[in-house]
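A short write-up of the structure that comes next.
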Amino acid sequence: MSSVDPRRWWALLVLATAQFMVIMDTSIIGVALPEMQRDLGFSQGDLQWVFNAYVIAFGGLLLLGGRLSDLLGARRVFTAGWVVLIAGSVVAAAATTAWVEVLGRAVQGVGGALIAPAAMTLLMILFSHDPKELGKALALYGAAAPAGGTAGVFLGGVFTEWLSWPWVFIIYVPIGVATLLATGLLPAVTGRRGGVDILGATAVTAGLALAVFAVVRAPETGWGSGATVLQLLGAAALLALFVVRQRAARTPLMPLAIWRAPGLAPANVAMTLLGAAWIPMWYFLNLYLQQVLGYGSFASGAALLPMTVLLMVFMTAITARLLGRYGPKRLLVGGLLVLAAGLLWLSAVEPTGTYAVDVLPASLVAALGMSLAYIPGLMSAMSGAPPEQAGLASGIVNTTYQVGSALGLAALTALATSQGAGELGDLPALTDGFSAAFTGAAAVAAAGALLTAIFMDRGKRPATPQDAPGDLAEQRPQPGEVTR
């Protein structure tokens, strides 16, 4: 095969479709949650597992997915990821009980964790011969992420309103099959010899899942109960085992030496708190629109479109220019503060509120903050790593964002439930619970801004968009994750 693949742009279409679908998988379920809750019997507190099962599997296994892509060949892992994602979609669509739904979502997350790093590897192989072509390919690939997030919000409402909620998963089957048929366009990549740290991957994923489970169950069992304490201690032990394993393993998933890179630790803390603030806002805003304001699925999805469009436009057209002028630290701190302001505004929601007054302006302010903070946070996390570790740094920051999303949602759901969010049908109680969650998310975002201002290295030369590692272009937040 020649060094320049004549089918590379068609192959890019396949990879961009994968990026589009993986990101859409987190945003498309948002407006379907109340329907799923009624049909499958989720409690108000347990409903978050529809989201968290995917996030924990995806975030916890991203580093393993990247390692398998190196060892087995990126096209093989990309193909396997789609098979797993389709299987998980079938299970999620066919679920008649809550635990089967959660299982299907977790399997989808495993598929996404295989697809995402393999797709990025294939893109770099296809376009590394020409920096200009690579830049254009990365831009097109990156644009598929916010497009997927926006489409997910809209399509979730369409499917749920006029078909039924299983269609938010059924849609992955025909698109997945078409993608599998098109994998012949992708370059065959030979793997290399090496080991796989299965123990490390198992420990970190199990530790995260147990920590989230403990926080979710704490309002029922009590924060000081033996069950909660044992679960949290078990989670800590599993995460400690992961760290010890990374020191001892011959081929660790995450070599600990990378944390010596300047700015990596504070940037990842900021991204953890960014996810912990943003995801709960998106989650509870969906519930407020439908359970308090009485919006249908389609109306709820349409109500969130202005926020997601602002994110897509601002991040692709404006944030890069601001980065060149102000540097990532100022934008990250400013973005987190603006996000905190939008969340605090949302905390004033009323049981008799209106979309135009209580939701739209505050959600746009929050989206503006997110669009200012997300890319600078990624750049800060990646620009300090050596070029040969840019992919690892990208995987770590992806993981910390997902972990923050899951733990933040679990903690703020516990807070909301304790303040009345579990009282379905009682609009004042529901609103009080949602308001508490928005206030808590605002505090998390403000803490992220403060820690970033204090600990991010002031002496480090500000990164610019030109300094960004190649992997950065794939990192766009999705509305529901962001929204991966």
### Looking only at segment 406-416, and only at residues there that are in contact with a Ser or Thr (Cβ under 9 Å, 6 or more places away or on another chain) and within 17 Å of Gly448 (Cα to Cα), the one that is surrounded by the most Cβ atoms within 10 Å (Cβ to Cβ)
Gly408
## Note on the structure
When restricted to Ala261, Ala265, the only residue more than 30 Å from Gly157 (Cβ to Cβ), surrounded by fewer than 21 Cβ atoms within 10 Å (Cβ to Cβ) and either touching a Phe, Trp or Tyr at 6+ places or on another chain (Cβ under 8 Å) or not aliphatic (A, V, I, L, M) (or both) is Ala265
### Task
Scan segment 28-38 and give yes if some residue there is assigned to a helix (DSSP H, G or I), assigned by TED's automatic domain parsing to the domain that holds Thr399 and under 15 Å from the mean Cα position of the chain (by Cα), otherwise no.
yes
### Message
Could you check segment 159-175 and list, in sequence order, the residues that are touching a helix residue (DSSP H, G or I) at 6+ places or on another chain (Cβ under 9 Å) and not aromatic (Phe, Trp, Tyr)?
### Response
Thr160, Glu161, Leu163, Ser164, Pro166, Val168, Ile170, Ile171, Val173, Ile175
### Task
For residues that are loosely packed, with under 13 Cβ neighbours inside 10 Å and part of a helix (DSSP H, G or I), tally how many sit in segment 224-236.
3
### Message
Taking the conditions exactly as written (modelled with pLDDT of 85 or more and in contact with a Gly (Cβ under 9 Å, 6 or more places away or on another chain)), does Thr79 satisfy them or not?
### Response
no
### Query
If only one of Leu323, Leu336, Leu304, Leu331 is farther than 30 Å from Phe159 by Cβ, surrounded by 23 or more Cβ atoms within 10 Å (Cβ to Cβ) and modelled with pLDDT under 85, which one is it?
Leu323
## Note on the structure
With criteria (1) surrounded by 24 or more Cβ atoms within 10 Å (Cβ to Cβ); (2) within 22 Å of Met254 (Cβ to Cβ), Ala53 comes up short on (2)
#### Entry: Matching residues, segment 411-432, being small (Gly, Ala, Ser) and at pLDDT 80 or above
Ala411, Ala414, Ala416, Ser418, Ala429
### Query
Within the set of pairs 6+ apart or on separate chains, which have a first residue in segment 368-386 that is at negative phi, a second that is at pLDDT 75 or above and among the charged types (D, E, K, R), and C-beta atoms under 8 Å apart?
Pro376/Lys329; Ser380/Lys329
#### Entry: Residues (modelled with pLDDT of 90 or more and either under 22 Å from Gly301 (Cβ atoms) or not assigned by TED's automatic domain parsing to the domain that holds Thr79 (or both)) located in segment 170-191
Ile170, Val173, Pro174
### Message
Among (1) modelled with pLDDT of 85 or more; (2) out of contact with any Gly (no Cβ under 8 Å at 6 or more places or on another chain), there is one condition Ala92 misses while meeting the rest; what is its number?
### Response
(2)
### Summary
Here the residues within segment 192-222 that are of a type in the set (D, E, K, R) and either assigned to a helix (DSSP H, G or I) or at pLDDT 80 or above (or both) are Arg217, Glu220
### Task
Quick one: Pro187 ticks every box in (1) closer than 23 Å to Leu123 by Cβ; (2) surrounded by 18 or more Cβ atoms within 10 Å (Cβ to Cβ) except a single one, so which number is it?
(2)
### Query
Taking Ala248 and the conditions (1) in contact with a Gly (Cβ under 9 Å, 6 or more places away or on another chain); (2) within 27 Å of Leu68 (Cα to Cα), which numbered condition does it fall short on, given that it satisfies the others?
(1)
### Query
Residues in segment 279-298: is at least one within 20 Å of the chain's Cα centre (by Cα), crowded, with 22+ Cβ neighbours inside 10 Å and within 15 Å of Ala373 (Cα to Cα)?
yes
### Task
Quickly run through segment 1-27 and pick out the residues that are at pLDDT below 75, charged (D, E, K, R) and in a helix (DSSP H, G or I).
Asp25
### helices (runs of 4 or more DSSP H) contained in segment 39-137 and holding at least 3 residues closer than 30 Å to Leu430 by Cβ and in the same structural domain as Ala320 (by TED's automatic domain parsing)
49-72, 98-127
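The values are calculated or read from the model by the stated rules, or taken from the named source; none is laboratory data. Predicted, not measured: the structure shown is a model, and the values here were computed from it. Neighbour counts are summed over all protein chains in view; Cβ atoms, including those assigned to glycine, are modelled from backbone coordinates with ideal geometry.
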